[in-house]
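Shown next, in structure tokens, is the structure this report addresses.
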Amino acid sequence: MSINAVYSFKLYSNVCCVELELTNSKKIFEEESEIYARNIISVLSSLSFGLGYSAIREIFSLHDINYMIKRQYKKNQEILENIIETEAKISMERNLEIEKNKAMREGNYDGGYPSIGCIGDGQWSKRSYNYNYTANSSTAVLIGVNTKKVLYVGVKNKYCKVCNEALIKESS
């Protein structure tokens, strides 16, 4: 186990008014002895506050607490990403069902299908100081008009590591 001390460590963001607390805990998965709830929470905390591995490790070292190694951090980050993605999909499906049921109760149909209203927004950042759209990724979101809940989140990337590596191999 990498985080050795018994502790309660609180982080507070003045920007989004969120308080997170890191505390000792039991294993999450018995078959994977390295995965502890407190490690997942510390990775979540670091990502929530825009910190990477080096920054969160430095914070723990200031308190004289041994932090997990980078390989373990990455493993916890992958588990956390899967949890977040799964929960987001479940939440969006549930929100869409609620929005659809509300439209059906109100008799809002178009061509025999429930008609729901939604508001959409997206972004594609200008990486080169308002010169052109050169960022490799963009995002978009749809929010239900009636429920005010997220129905869809999309992230698109222009860059694909697998495709890029294949091109490099072809050219050499």
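The values are calculated or read from the model by the stated rules, or taken from the named source; none is laboratory data. In this text the structure is predicted, and so the values were computed from the model without any measurement. Every residue, glycine as well, gets a Cβ built from its backbone with ideal geometry; the counts of neighbours run over all protein chains shown.
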>> Here is a check on your reading of the model: is residue 74 at pLDDT 90 or above, under 23 Å from residue 157 (Cα atoms) and not polar (S, T, N, Q)?
In response: yes
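Each row is one residue, and each column tells you yes or no for (1) more than 20 Å from residue 12 (Cα to Cα); (2) outside any loop (DSSP other than H, G, I, E, B).
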position	(1), (2)
41	no, yes
50	no, no
71	yes, yes
85	yes, yes
101	yes, yes
116	yes, no
> Taking the condition surrounded by fewer than 11 Cβ atoms within 10 Å (Cβ to Cβ) and closer than 30 Å to residue 41 by Cβ, does residue 162 pass?
Replying inline: no
>> Being modelled with pLDDT under 90, within 22 Å of residue 154 (Cβ to Cβ) and out of contact with any Ser or Thr (no Cβ under 9 Å at 6 or more places or on another chain) narrows it down to one residue among 97, 93, 81; which is it?
In response: 81
> With (1) farther than 20 Å from residue 144 by Cα; (2) at pLDDT below 90 as the list, and residue 123 as the residue in question, which single condition is left unmet?
Replying inline: (1)
